[in-house]
Amino acid sequence: MKNTQWTIADLIDLEFFLNQDDGEDLDDLAARDRQIYTELPQEGKEAKAPALLRAWLSSRRHILLKEAEETALPGRTWQEILYIFYAIALFTGLLSGGGLAFSFLAYSGKEPINVAGYFAAFVLVQVLLFFLLAGSAFVQRIQGKNIIESSLLYRLISRLFSSLLHKVMTGVQKRASQKISAETRLKWSASAASIRQIRQRYGLLFLRPFFLIVQVFGVCFNIGVLAATLFKVIGADVAFGWQSTLRVTPASVHELVQWVALPWSWLPNKFIPTLSQIEGSRLVLKEGIYFLTNTDLTSWWPFLCLSVLCYGLLPRLLLLIIVSIQQSQNLAQLDFQQGYFRQTLHRMRTPRVSTSARLENTSTEPVKPVAPPPDPARREEQGGRENIDEPTHPPTPDAPLTSLAPLIALIPDEILPDCPIEELKQQIQDRLGYTLALHLPFWTIESSEEEELAQVKTAQDEQKSKDVLVLLESWQPPIEELFSWLGQLRQTLGTEPIILLALIGKPNADTILTPVQAQHLQIWQQKTATLDDPGLQLLELVKS
């Protein structure tokens, strides 16, 4: 198998294609996804969910690019804009760091560079920012938050990025408008506008890149400062000195320097100014630099460069590496077991079942040719024997029905007595590719909602069934009480199970399992679209 490491661009494209499936015919989706699965090699069919979804995504990308070659998917657009942001951070950091250092190190030969000013501008400010970041992260952790999620800077960069991505995607849609349908363009617009929802769903995975952009700027800023300082030291005669109006002794300055230089105290003494060099580089306003020794005035630059390296560059570089590793680990830990993704995985893994209870042929054996119809003259010779010779039984399915995933059905108590369970079981098997393991009533008079939900959870554990079907009458208006109950059901089951809202039409004299009218389906689709539950799927149980 190829590398299945996911990226943010992959996740965006995955969400994009899943959004395209909203409102599509369930049978068409099942046929398409099953076809993708059957075309995989045996190794791919046995892969886990991340690799299987990756194969599905690759197939969907290939199909779309065949339809519109110039189409730029949102994931690719995201990646390209992100690279632009990284490039801007890199060059801006180098130019700003180098430019500030060059301007600060401008030396006319009359007045040395102020050591305290250089240290404060390029070291002390960064140390204060680092401790401010660490303190904020500690406070946010106590409050149960993450510094990246709550930081105003990262959120502003994220919003700017999302706005730019939306504008670029709008331009891409206009260029591709001649090759895609109006319905597809409408879905593209909805997908481009849903970047905010995707960001909320994945949280840190989408915010960390903007944290890394800031760290890239910080790393490059310090590299620019070091490069400019070394260039000035190597290419020009630069003097460094210190002065203070306060009564500061060289001994106290030397002690402070020793503390600052602890990270590189194991290096030779030439990287740390000695007490005599500190005394020799002190500036006195009325005396100038005429009586100062050149070796003392040049003893400071190794200390300043190592200060920038240890307190500016290395912390930023360490943050960049740690957060990059965390991002890679979190992406590798995605299991895609949420109901939102398991809908697609279920369609891929479930053999196709027609309404006549015949499964698709997934065998690797060649299909036997069907015999041609007999000649009319031959039929006359055989008389009425043709009815005896014709097969009277359906083909043997290639997979046993017990291989289908189990499902628990929740049926309103008021329609449960009229619900034909065997017919329901057959519809679930043929239409959805599940086997009905258990059916339970809800909204009963005898039990409270909490008790009923507890029973569902217990039954789910006992039947080893993840997914739940809720049978609903489409001609009844969707009420807030129902959606409140669905929210409680989701909290009880967790994020992994798929909740199937199976709509049925008005009952007739024979059965309550009837097709849904188009206007009723549209009302339910509009209402369920307002729910923030990607693992919830609305469908017609009986296809007209």
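Bear in mind these aren't lab numbers, they're just calculated from the coordinates by the rules spelled out. Values in this document were obtained by computation on a predicted structure and should not be read as measured data. Cβ coordinates were reconstructed from backbone atoms using ideal geometry, including for glycine residues, and neighbour counts include every protein chain displayed.
Odds and ends about this structure:
- For the range 401-540, relative contact order (Cα pairs under 8 Å, six or more residues apart, normalised by length) works out to 25 percent.
- Convex hull volume per residue in cubic angstrom - Cα atoms of the range 400-544: 111
- Per DSSP, loop GluC sites (Glu not before Pro) in the range 1-46 with at most 16 further Cβ within 10 Å: E24, E39, E46
- Sorted peptide list for 427-438, 220-231, criterion being average Cβ within 10 angstrom, highest first: 220-231, 427-438
- Computed over neighbours whose Cβ is under 13 Å from that of T514, the net charge equals -3, Lys and Arg +1, Asp and Glu -1.
- Net charge contributed by nearby residues that have their C-beta within less than 14 Å of V308 (K/R +1, D/E -1): +2
- Looking at the range 27-125, the trypsin sites (Lys or Arg not before Pro) that sit in a DSSP loop and have at most 15 other Cβ atoms within 10 Å of their own Cβ are K48, K110.
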